[in-house]
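Here is the structure we will look at, set down as structure tokens.
The values are calculated or read from the model by the stated rules, or taken from the named source; none is laboratory data. Values in this document were obtained by computation on a predicted structure and should not be read as measured data. Cβ coordinates were reconstructed from backbone atoms using ideal geometry, including for glycine residues, and neighbour counts include every protein chain displayed. These accessible areas exclude ligands, DNA and RNA; they are computed on the full protein's heavy atoms, side chains included. Shrake-Rupley method; radii C 1.70, N 1.55, O 1.52, S 1.80 Å.
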Amino acid sequence: MEIDGGLDIKVETENWQTHTRISALRLRELVARIGGAGDRFLIVQRIPDLPDVFAQVWHEEGGDFRLEHRLSEAEFYGTNLDGPDRVADLLTGWARQADAGWDAGVGWEPVDLGPREEVPELPDEVREKVEERVRTRLHCGYDSRKILTEIAEDHLVDGDERPVSRAQASRLVDRLWLARLAEQALWEGVSDPDRITRAFEALDASGITARENFACCRGCGLAEIGAEREDARGFVFFHQQVTEHAVEGYGLALHYGGFDGSDETTAAVGHEVLAALRTAGLSADWDGDPDKAIDVKPLTWHKRLVG
């Protein structure tokens, strides 16, 4: 699928660049570019990410292109190709998903994955606690599978006691992730988190730094928002704890202010934020007091996974 000319993919490169929802032309340019020292491969994931599903290409200058794609935990295939154009065509077909037969005409060979790791089941009392924490963060909608796996692995750590291994954490997260993808496939229309994003994008474009799920708490957010300034006159954000409150049905509390620190600028920013929220179709409550947060509610928090 392509949105506004971009493919629903994320591309990571050896030189630590990340390219999200790029066009087919830009993907072709990236494939043609690789080969030099420190820039020899691309890893391509779908948006939203699917466990054990990705494509990757490796190329060193003067050699063939090695293209591989994984369909599942057990199915992994690769082929060698002599030029970037065919690689780019295949990757574009893979990215579009709807292109039946995108992999035809190529001699794919199975990639040896080695023996599968045996992953013991977690005790029920451990699994239930970890699931509860992961499910909350998963429903927030901002964390990748990698981050959620780290959360699952670390949640019950007590000194040297680590009741959840990385493999157990990964398996638990993948199961919950796929269940959430199945849920969101049934959602229709524009969601309230979509409206929040639209309002924040409009504010950002108008000179107010707007950040979603920013920092862990209000204090850290206020301390860190200045680094996001980029010549803006003011800011608005909601932090991770507030996001979790939204998941639980309590709406969002937005913190805002002016970078000059004055009540007048803060109030002016507050009014701009309120107008942007209402333009986006959200219900927001604020009495004009610059010392009070702007409350966005009622709110149904159906945040689509994008990681």
*the range 112-142: number of residues that are outside any helix (DSSP H, G or I), surrounded by 15 or more Cβ atoms within 10 Å (Cβ to Cβ) and hydrophobic (A, V, I, L, M, F, W, C)*: 1
*Name the pairs: first residue in the range 104-123 and farther than 30 Å from N80 by Cα, second residue surrounded by 12 or more Cβ atoms within 10 Å (Cβ to Cβ), Cβ to Cβ under 6 Å, at least 6 apart or on different chains?*
V119/A167; V119/Q168; V119/R171; L122/Q168
*Sort out for me the strands (runs of 3 or more DSSP E) sitting completely within the range 199-286 that have 1 or more residues that are farther than 30 Å from G189 by Cα and either at pLDDT 95 or above or among the small types (G, A, S) (or both).*
234-237, 252-258
*Can you tell me which residues in the range 265-279 are in contact (Cβ under 8 Å) with a residue 24 or more places away in the chain and open to solvent by 50 Å² or more (accessible area, probe 1.4 Å)?*
E272, T279
*Just checking, how many residues over the range 280-305 are over 15 Å from Y250 (Cα atoms) and either out of contact with any helix residue (DSSP H, G or I) (no Cβ under 9 Å at 6 or more places or on another chain) or loosely packed, with under 12 Cβ neighbours inside 10 Å (or both)?*
4
*Just give me the residues in the range 26-48 being surrounded by 18 or more Cβ atoms within 10 Å (Cβ to Cβ) and under 16 Å from the mean Cα position of the chain (by Cα), in sequence order.*
V44, Q45, I47, P48
_Members of the range 182-193 found to be part of a helix (DSSP H, G or I) and touching a residue at least 12 places away in the same chain (Cβ under 8 Å), listed by number_ = Q184, D192, P193
*Specify which of the listed residues (W108, W94) is surrounded by fewer than 18 Cβ atoms within 10 Å (Cβ to Cβ), over 29 Å from Q241 (Cβ atoms), modelled with pLDDT of 95 or more and in contact with a His (Cβ under 9 Å, 6 or more places away or on another chain).*
W108
*Take D39 and decide whether it is in contact with a strand residue (DSSP E or B) (Cβ under 8 Å, 6 or more places away or on another chain), acidic (D, E) and under 29 Å from D143 (Cα atoms).*
yes
